[in-house]
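Single-structure report; data block below.
The values are calculated or read from the model by the stated rules, or taken from the named source; none is laboratory data. This structure is a prediction, so every number in the text was calculated from the model and none was measured. Please note: Cβ atoms are built from the backbone with ideal geometry, for glycine as well, and neighbour counts cover all protein chains shown.
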Amino acid sequence: MHRSEFFELLWKQYTKVTPQAQKIQSLLQTRGDIVRNDHVAFRTFNIDGYDLQAITPLFESLGYQVFDSYQFPDKYLRALAFVVPDDPTAPKVFFSELLCEAFDAEIQSIIQDLTSPLDDSLSLHDLLGSYPFKTPTLQQYSMLADASEYAGWLSTMGYQANHFTVNINALTTLHSIDDVIHLLEDHHYPLNAVGGIKKGLPEDLLVQASTLADSVGFTFADGQQQAVPSCFYEFAHRFADRSGELFQGFVPTNANAIFESTDRR
């Protein structure tokens, strides 16, 4: 699969469960902006065949290389960042995994039950919107989400883009994260206020903001139905380092707060 085809199919699936993203993109385009994607993010469990080690060759097949790694101890997560070395316009990829062994026996048992249908390994096609898990009961979902909002989200949403990200540097009518935030607030899009609506400082070389996730209806294994968080849209403004090069990495404190865009209200 070619890289451009992968992201085209990924965006199409993402906007099905994140209608706000298509509306915000259209809003920016009607202003005369060209909307470029800074990065896209995914989530997984650290299960053999589905962990970061298994993910890496999938993105290598699209021309990506790992360029950094991150730890989020309070959320029991770790992540890898991928870039295409010879194409700075290609969106970066941020892929995180949940460290299942960090939880108590009851939560681990639920995760093992829900992931019991998994076999073989994850494929690029699976990342375009697949739900390979055993459907949780509402009680299982609630227990998972109470222990880890990340785990609760993954148990209902499966494999898909968790968010796309608008590259603010590429916009022409808006020139800062503040401009973007004002526009979103003027159009009544709810924003993630964890750690402040604006996350990071120019001296961090990356300033970000994100909407709160849309929601979708989900039918649990016991027949109960409930709206659950789906996906969200992010906005990133990058700054040059001392060498004059735009910073290409991620800031863990920013990312730690942005994870909470998919928390239950």
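Per-structure values
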read-out: Answer residue from the range 49-66, given it is touching a strand residue (DSSP E or B) at 6+ places or on another chain (Cβ under 9 Å) and free of Cβ contacts under 8 Å to residues at least 60 places away in the same chain and is farthest from Ser4 (Cα to Cα) among those; value: Asp51
read-out: Count of the range 180-205 residues which are over 24 Å from Gln160 (Cβ atoms) and out of contact with any Phe, Trp or Tyr (no Cβ under 6 Å at 6 or more places or on another chain); value: 16
read-out: Residue, surrounded by the most Cβ atoms within 10 Å (Cβ to Cβ), within the range 95-120, restricted to residues that are of a type in the set (Asp, Glu) and in a helix (DSSP H, G or I); value: Asp113
read-out: Residue tally, condition free of Cβ contacts under 8 Å to residues at least 24 places away in the same chain and either farther than 22 Å from Leu10 by Cβ or touching a Cys at 6+ places or on another chain (Cβ under 9 Å) (or both), over the range 67-100; value: 2
read-out: Meets criteria (under 17 Å from the mean Cα position of the chain (by Cα), more than 17 Å from Asp263 (Cα to Cα) and β-branched (Val, Ile, Thr)) for Val194; value: no
read-out: Residue within the range 125-135 that is in a strand (DSSP E or B), at pLDDT 95 or above, farther than 25 Å from Thr15 by Cβ and in contact with a Leu (Cβ under 7 Å, 6 or more places away or on another chain) present; value: no
read-out: Cross-chain or 6+ apart pairs with Cβ under 6 Å, the range 23-40 first and farther than 17 Å from Ala209 by Cβ and touching a residue at least 60 places away in the same chain (Cβ under 8 Å), then outside any loop (DSSP other than H, G, I, E, B) and among the polar types (S, T, N, Q); value: none
read-out: Given (1) touching a strand residue (DSSP E or B) at 6+ places or on another chain (Cβ under 9 Å); (2) surrounded by fewer than 22 Cβ atoms within 10 Å (Cβ to Cβ); (3) of a type in the set (Lys, Arg), number of the condition Lys92 does not satisfy; value: (2)
read-out: Residue tally, condition crowded, with 18+ Cβ neighbours inside 10 Å and small (Gly, Ala, Ser), over the range 207-256; value: 6
